[in-house]
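Some notes on the structure that comes next.
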Amino acid sequence: MIIRKALESDVQSIYTMRNRAIIEKCIGFYSSSQLALWTQGDISEALINDIVANFYVSLFKDRVIGCGKVNLETGMIDAIFVDPDNFGQGAAKSMLVFLECRALENGLELLQLESTLNAASFYRACGFVGDEVSTYHSPRGIHLDCIPMRKSL
């Protein structure tokens, strides 16, 4: 597996993978109507621009199997998704370690994220702390329970 900067040609693969991960791995933590709202619609121009400017992708056999990003000003990690067919193979952890290294290289001392309810145990295992449920406000106007978490570098 390799990690590289996302390209515009990766956008559709990222979006499809993201939606599959949400639908298949968040079921039981969010209602079916929340999952439908979260994954509906086409790829917006804003998302395309965000992916090209800020995302990284994990590749296995030249196929996108994961993605993620880190804001190097705020230390906010976001959009870590893994193709459900590749769950449990280290793609999410590898991406998280990669993003942490990028943050350290840029002098950050603290990382933050808003974990989905199903991913909180994964982030805790990776050194993040946080237990209180809050509300995530997505750019699409969807409100979902999340767990704000932090990790000192």
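The values are calculated or read from the model by the stated rules, or taken from the named source; none is laboratory data. Bear in mind the structure is a predicted one, so any value in this text is a computation, not a measurement. Neighbour counts are summed over all protein chains in view; Cβ atoms, including those assigned to glycine, are modelled from backbone coordinates with ideal geometry. For the accessible areas, the whole protein counts, side chains as well, though only heavy atoms, and no ligand, DNA or RNA atoms are used. Shrake-Rupley method; radii C 1.70, N 1.55, O 1.52, S 1.80 Å.
Residues in the stretch 71-95 near a label at ASN54, defined as backbone nitrogen under 16 Å from the 7 Å Cα→Cβ point?
Hits in the stretch 71-95 for ASN54 at 16 Å: 71-81.
Using a 1.4 Å probe over the heavy atoms of the protein chains, calculate the carbon and sulfur portion of the accessible area of the chain as a whole percent.
C and S atoms contribute 52 percent here.
Could you tell me how far the Cα centroid of the stretch 113-147 sits from the Cα centroid of the stretch 20-65, in Å?
15 Å
How much net charge surrounds SER58 when only the other residues with a Cβ under 11 Å from the Cβ of SER58 are counted, with Lys and Arg +1 and Asp and Glu -1?
In short, +1.
Taking R0 as 30 Å, what's the FRET efficiency between SER32 and GLU109 from their Cβ-Cβ distance, rounded to 0.05?
With R0 = 30 Å, the Cβ-Cβ based efficiency is 0.15.
Quick check for me: using +1 on Lys/Arg Cβ and -1 on Asp/Glu Cβ, what's the dipole size of the stretch 10-95 about its Cα centre, in debye to the nearest 20?
Computed about the Cα centre, the dipole is about 300 debye.
To the nearest 20 debye, what charge dipole does the chain have about its Cα centre, counting +1 at the Cβ of each Lys and Arg and -1 at the Cβ of each Asp and Glu?
340 debye
Could you give me the percent of Cα pairs per 10 Å distance bin for the chain, shortest bin first, beginning at zero and ending with the bin that holds the maximum distance?
So the P(r) values, bin by bin, are 11, 42, 40, 7, 0.
Rank PRO148, ALA92, SER9 by how far each Cα sits towards the positive end of the charge dipole of the chain (+1 on Lys, Arg Cβ; -1 on Asp, Glu Cβ) and give me just the farthest.
Farthest along the dipole direction, towards plus: ALA92.
Output wanted: per-residue J couplings in Hz (rounded whole) for the stretch 146-153, from phi through Karplus 6.51 cos²θ - 1.76 cosθ + 1.60, θ = phi - 60°, x for Gly and Pro.
8, 10, x, 9, 9, 8, 7, 9
If I model a spin label at ASP42 and GLN89 as a point 7 Å from the Cα along the Cα→Cβ vector, what separation in nanometres do I get?
Each label point is offset 7 Å from its Cα along the Cβ direction, giving 3.2 nm.
Under 19 Å between alpha carbons: how many lysine pairs meet that in the stretch 1-138, if sequence neighbours fewer than 8 apart on the same chain are excluded?
For the stretch 1-138, the number of qualifying lysine pairs is 6.
At 0.36 nm per residue, minus the direct Cα-Cα distance, what do ASN19 and ASP145 gain on full extension? Give it in nm, one decimal, please.
Going from the current span to full extension adds 43.6 nm.
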